[in-house]
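Only one structure is covered here, and it is reproduced in the block below.
The values are calculated or read from the model by the stated rules, or taken from the named source; none is laboratory data. Computed from a predicted model, the values in this text were never measured in an experiment. So basically every Cβ, Gly included, is an ideal-geometry build from the backbone, and we count neighbours across all protein chains shown. Remember, those area values only see protein heavy atoms, side chains included, never the ligands or the DNA or RNA. Shrake-Rupley method; radii C 1.70, N 1.55, O 1.52, S 1.80 Å.
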Amino acid sequence: MSDENQRSDQQFTLVARGPSAAILFNHEQLQVPNFPAPWGPVVITVRTRWITRAEGVTVPGHLWIEVTGPAPSLDHALQPFATAGLVFLPILSLSANAAISDIETELAFESTPGCSDRPYFQNFVPPESDMVFLVRRLDAQATVSVIDAFTKSPHSSRLHRAAEQYRLALNYWRMGLEALSVAHLWMVLEAMTPVCVEVEIKQRGLKTRGELALSLGVKESSDKMEMESKLDAEVRRQLLLAGDDECYSNARKASDGLEHGYLTHKEVHTLSQSVRLRLARLVRAAILDLLGFEADVVSKLNAAPYENPVGHCPLCQHV
């Protein structure tokens, strides 16, 4: 690739793809115009690659993300365009409640109209497998509402971090990896806690964290750090996990036992198995609630078929 003869009117296109349980039907696409980037707004388009197999059978392939916009050169476009595409993975995964793996840049090139000499970058990305995987259709209209809610939320940065941890949890959503899912789901709780505290203080007409702590039944203490820790725990248990004591207790034990190594693998795995599905439902519902958008869209995304996560796993038969 070459960045000679830079011009201010240059346009570039980057294409990335990767495995995903969230799909769009053939000929469907989700497009986000005017997404901010360092050299000017870019257009992000999301599609699913559909692959024709033997006997003319068409099956969903990788998730495909295309980013198009201005940049001084191809070198200047590569990193910010790739980052812009990656920003949407947690939002898409949260909306569909389906696993989306990391995507890789496959191709980037100058797409300035009328250009005859186009610098380009190409990277080998493994082709789709012949195996058939579990998938779930992404509701494009609802997802646009979720994207809009992230854009408008004053807590967008922290909730996006929570959504990214949720995406990572779903990437481990398969038999035998329950402990890793629960570890990331617990990180979702940790990321959301400050947002929930701020929202609750405002909604209850309170002024301080101490007032919120007392309203949640935390006993007053002269040890400020102890009060802060107990408040965070009660916010997670009572508010983010809707008062599900068993879910809170088992998730905390599994996460701490894995992180600090004081439980055996069997103990962590057993705790994680007992709580993973409930924990995922509750933390996802909490993210959607804290985003604060239309109740009908939230209800739709919390109902069938979206209430249960889908991992990116090959289809299997259980007898």
* **Subset of segment 273-310 (residues that are within 16 Å of D244 (Cα to Cα) and touching a Leu at 6+ places or on another chain (Cβ under 8 Å))** => R276, L279, A280, L282, V283, R284, A286
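Is it fair to say G40 is open to solvent by less than 10 Å² (accessible area, probe 1.4 Å), touching a residue at least 24 places away in the same chain (Cβ under 8 Å) and of a type outside the set (A, V, I, L, M)?
Working: open to solvent by less than 10 Å² (accessible area, probe 1.4 Å): no; touching a residue at least 24 places away in the same chain (Cβ under 8 Å): yes; of a type outside the set (A, V, I, L, M): yes.
In short, no.
Restricting the search to segment 143-165, which residues are under 18 Å from A303 (Cα atoms) and out of contact with any Ser or Thr (no Cβ under 6 Å at 6 or more places or on another chain)?
Here is the first cut: in segment 143-165, the residues under 18 Å from A303 (Cα atoms) are 143-146.
Hits for segment 143-165 are V144, S145.
Does R53 satisfy the condition of being modelled with pLDDT of 95 or more, open to solvent by 40 Å² or more (accessible area, probe 1.4 Å), among the basic types (K, R) and at negative phi?
On the way: modelled with pLDDT of 95 or more: no; open to solvent by 40 Å² or more (accessible area, probe 1.4 Å): yes; among the basic types (K, R): yes; at negative phi: yes.
Criteria not met by R53.
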* W173 versus (1) open to solvent by less than 10 Å² (accessible area, probe 1.4 Å); (2) under 20 Å from S255 (Cβ atoms): which is the lone unmet condition? -> (1)
* Output for segment 52-72, where each listed residue is among the polar types (S, T, N, Q) and farther than 21 Å from L86 by Cβ -> T52, T58
* Structure fact -> Over segment 1-33, the set of residues modelled with pLDDT under 90 and loosely packed, with under 15 Cβ neighbours inside 10 Å is M1, S2, E4, N5, Q6, R7, S8, D9, N26, H27
